[in-house]
1. I'd like to know which of Tyr137, Met267, Val288 lies farthest towards the positive end of the charge dipole of the range 107-301, counting +1 on Cβ of Lys and Arg and -1 on Cβ of Asp and Glu.
2. Taking the mean number of other Cβ atoms within 10 Å as a proxy for protection, how do you rank 254-261, 435-442 from highest to lowest?
3. Once Rh for the range 302-459 is found with the Kirkwood sum over Cα pairs, what is the Stokes-Einstein diffusion coefficient at 10 °C and 1.306 mPa s, in µm²/s?
4. Packing-wise, with mean Cβ within 10 Å as the measure, how do 237-243, 421-427, 444-450 rank, highest first?
5. Binned at 5 Å from 0, what are the whole-percent values of the Cα-Cα distance distribution for the range 107-301, short to long?
6. Go through Lys302/Lys458; Lys405/Lys432; Lys316/Lys363; Lys248/Lys295; Lys295/Lys355; Lys363/Lys386 and tell me which ones have a Cα-Cα distance over 25 Å in this structure.
7. To the nearest µm²/s, what D does Stokes-Einstein give for the range 130-169 at 10 °C and 1.306 mPa s, using the Kirkwood radius over alpha carbon pairs as Rh?
8. Let me check against my output: what whole-number percent is the relative contact order of the range 300-372, with C-alpha pairs under 8 Å and at least 6 apart?
Amino acid sequence: MSRVRMLSLFVMGCFLSVALAGCGDKKEEPKKEEPKKEEAKKDEAKKDEAKKDEAKPEEAKPVEAKPEEAKPEEAKPEEAKPEEAKPEEAKPEEAKPEEAKPEEAKPEEEKPVVLDEGVVAKVKAIAECTEQDLNSYKCQAIKDSTQALQTDCREKDKAIAMLETLSVLALDADAKLADAATRQLAQLNLSSLFPTLAKEPGLVSKGVADRLLKVLAAPTTAVPSAGSLVAALTKAITLAGQTEELIKVLDGITDKTILRSAYTTIMTYGRMAAWSKIMTMVFGQDPVLRAAGSKAPINMPKWTPEELTTICQWAKDYISDKDIAVATNIADIMVICRLQDDGKYIDLLLEEGKKRADAGEWKRPYTFAFRNICFGGMMGEADKPKPETCQKAYDFLESIANNPKVDNAGRGSALADIYYQRRDEVTLELMKKYENSDIEEIKKAATDAIKSIEANLKK
C-alpha cells in the first residue's frame with residue numbers, strides 16, 4: 001500500500017508539476033505576447049511612419065521630378081534645337097546643291113564644249129594672220145568674219161552659240177587662238193548680237209559670264225581694240241546678271257581705258273544694279289571715273305518712271321559741275337528728264353546754260369545737249385516737251401546767237417540748233433532775220449536753214 005501510495009503521490013506530484021509548469025507557461029505567454037504586440041505595434045507604427053516617410057519622398061518626388069522632368073523637357077527643346085538646327089544646317093548643305101545647280105547645269109552651260117564649228121573655223125583663220133596685219137586691220141579673215149557676224153547675230157540661237165564659243169576660245173591655252181577670239185569678241189560690241197540677246201532674260205548664262213570675267217582680268221584686254229572688247233564683255237556679263245561680280249573684277253584693275261569703257265557701258269544692260277557704284281564714282285575725285293560714271297545712265301535705254309525719278313533728282317545736283325565732261329553728261333541727262341516735273345529740269349538746264357555763256361564757257365561738247373531739248377526720238381523717246389518749254393529753248397538759243405561773249409562758231413551753231421529741232425514756217429521767218437548777218441557763221445547757218453525749209457515746204 002505504501003508503495004502504491006508513494007507511486008500515486010509521485011504521479012500526482014508529477015501531474016501537479018506539469019500542471020503548474022503549464023500554468024506557468026500560460027501566465028508567461030501573455031507577458032511574452034504583450035511585448036510582441038507592442039513590438040508589432042511599434043513595427044506597424046514604424047511601417048506607418050516609414051510609409052509616411054516613403055510617401056513624403058514619393059510626394060516630394062513629383063515635386064523634384066517636375067524640375068527633373070522639366071529638365072528633360074527643357075533639354076528636349078535644346079536637343080530638339082540641334083536636331084532642328086541640323087536640318088537648318090543641312091538646308092545650306094542641301095542649298096549647296098542648289099548653288100551647285102549652276103555647276104550641275106554646267107553641262108548645259110558647257111555645251112560650247114561642243115563648239116560651233118563655223119565660229120571655230122573663223123577664229124582659227126584670224127589666228128593665222130600676222131601680228132602686223134592684225135594691228136593694222138588688214139587681216140582679211142577678220143573682215144570676212146565680221147560680215148558673217150552681222151548676219152548671224154540677228155538670230156537668237158546663232159548669237160548664243162557665237163558668244164558661248166568665243167568665251168571658251170578666248171581662254172584657250174593657244175595664245176594666238178585666244179587673241180583671235182578676243183578680237184572677235186571686240187567686234188561684237190557694235191553688232192546686233194547684244195540687242196538680240198537682250199530681248200529675252202537669261203539667254204546669256206552665268207557660265208559664259210564667268211569665263212568672260214576671266215577674259216576681262218587677263219592681259220589679253222591689251223589689244224588695239226581694248227575699248228570695244230571691254231564694252232562687249234561688260235554687256236555680256238551684265239546681261240547674265242553678274243554686275244556685282246563685274247564690279248569686283250573692275251576694282252582690281254587700274255587701266256583707265258578699261259575702266260572708262262566698262263563703266264560707261266555698265267548700265268546699258270545692268271541698269272540700276274550698278275547705281276550705288278556710279279554715284280560713288282561721280283562723287284569722287286578721279287576725272288576719268290567721274291566722266292565715265294556720269295555717262296553711264298545716258299547709255300541705258302528706255303528709262304522707267306522710277307529710274308527717271310531717281311536719276312533726275314540725283315543729276316540736278318551736278319548741273320554746275322566745273323568738270324566740262326561731267327557737266328556735258330549731266331546736261332544730256334537733263335534732256336532725258338525733259339518731261340519730268342512740268343519741264344523743271346529743262347528750266348534748270350537753260351539757267352545753267354546762260355551762266356556758262358555769260359562766263360564765256362559756251363563751248364562744245366557742252367552745247368550739244370541744247371539741240372536735243374525738243375528733238376523727237378532722243379534716247380528712244382518720241383514725246384517732246386510742251387510747246388512753252390520748247391519756246392523757252394528756242395529763245396535761249398537765239399540769245400546765244402546774239403551774245404558777244406560767245407565765239408562766232410558757237411553763235412552760228414546755236415542758230416543751227418533751232419533749225420535742227422524745228423523745221424517749219426516759224427523757223428523760216430526767224431532765219432530770214434539773220435541771212436544778211438555780218439558774222440559769217442551766223443549768216444551761213446541762217447541761209448542753209450532757209451534753203452532746207454523752203455525745199456521741204458515745196459514738196
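Please treat every number below as a calculation from the coordinates, not as lab data. It should be emphasised that the depicted structure is a prediction, and the values quoted were computed from it without experimental measurement. In this analysis, Cβ positions are derived from the backbone assuming ideal geometry, glycine residues included, and neighbour counts consider all displayed protein chains.
1. The residue sitting farthest along the positive end of the dipole is Val288.
2. In descending order of packing, they fall as 254-261, 435-442.
3. 99
4. So the peptides 237-243, 421-427, 444-450, ranked by packing, come out 237-243, 444-450, 421-427.
5. Calculated over all Cα pairs of the range 107-301, the distribution is 1, 8, 17, 21, 20, 15, 10, 5, 2, 0 percent.
6. Listed pairs above 25 Å: Lys302/Lys458; Lys363/Lys386.
7. 141
8. 30
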